[in-house]
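In what follows, a single structure is set out as structure tokens and then discussed.
Quick note: the coordinates plus some simple rules give every number you see, no bench work behind them. Everything numeric here is computed off the predicted structure, so don't read it as measured data. Here the Cβ is made from the backbone with ideal geometry for all residues, glycine too, and neighbour counts use every protein chain on show.
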Amino acid sequence: MLEAKPIGIFSKNFNIVAEGQKIALLHISAWREAGEISIEEQPYKLYREGLMSGAFVIESKGQSVARAIKPSAFRSQFDLELDAHRYSLTRVSIFGRGFSVLQSGVVVGSIRRAGVFTRRTIIDLPPDWPIPIQVFVFWLALVIWNRDDGGAAAGAAAAAGS
């Protein structure tokens, strides 16, 4: 099990921790759905292939490591394929912020906030998944959370202006 800890109160970046030891840094781009993971000085790029559509990709040394597709703009879900197995990252409920990772309808992992008022996140995915893939799946959950937060902020601003 991994834990993602925000670097600071207002930072979008996270330290990824396993058994109390920092093992990776997740840097989130301020301008688009992109980022970078640094694990033992090995960089991985995270990005969306297109500006408004396309697969979400983790890449190392110019090679795609894994890809995820968002099957619908209206659902909080990603479909991904790892080692010839298909998985879905799906929101647990419309009111919660937790996600389940499913394989053939069976829960094999989860991504959930450590508490109500924290961005600290528990990444509980299959231990045989490589660390970069686990962080990639966490980043996919972050994409949805950031979209939710952006929509809520826009709604609050519109309500304040009326």
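Scan around A55 for amide H atoms under 5 Å from its own, H built in the peptide plane at 1.01 Å from N, and keep only partners 5 or more places away or cross-chain.
E49, G50
Output ³J(HN,Hα) for the range 21-35: one whole-Hz value per residue in order, computed from phi by the Karplus curve 6.51 cos²θ - 1.76 cosθ + 1.60 with θ = phi - 60°, and x for Gly and Pro.
Going residue by residue, I get 10, 5, 10, 7, 10, 10, 9, 9, 5, 7, 9, 7, 6, 7, x Hz, with x marking Gly and Pro.
Match the structure shown to one of the listed values (1) 1.31; (2) 0.93; (3) 1.02 of Cα Rg over 2.2 N^0.38 Å, computed from it, and give that label.
(3)
Return the long-range amide H neighbours of V92 (sequence gap of 5 or more, or a different chain), with a cut-off of under 5 Å between placed amide H atoms.
G98, F99, S100
Which whole-Hz ³J(HN,Hα) couplings does the range 108-125 yield from phi under the Karplus relation 6.51 cos²θ - 1.76 cosθ + 1.60, θ = phi - 60°, glycine and proline marked x?
Karplus-based 3J(HN,Hα) across the range 108-125 equals 10, x, 8, 10, 8, 5, 6, x, 5, 10, 9, 9, 4, 10, 9, 10, 10, 10 Hz.
Evaluate the charge dipole of the chain about its Cα centre and quote only its size in Debye, nearest 20, assuming +1 on the Cβ of each Lys and Arg and -1 on the Cβ of each Asp and Glu.
On the way: 18 positive and 15 negative charges, 106 e Å.
Rounded to the nearest 20 debye, it is 500 debye.
Can you list residues whose amide H is under 5 Å from R120's amide H, if they're 5+ apart or on another chain and H is modeled 1.01 Å from N?
A114
Enumerate the lysines that K70 could reach by cross-link, defined here as Cα to Cα under 20 Å, with residues fewer than 8 away along the same chain left out.
K45
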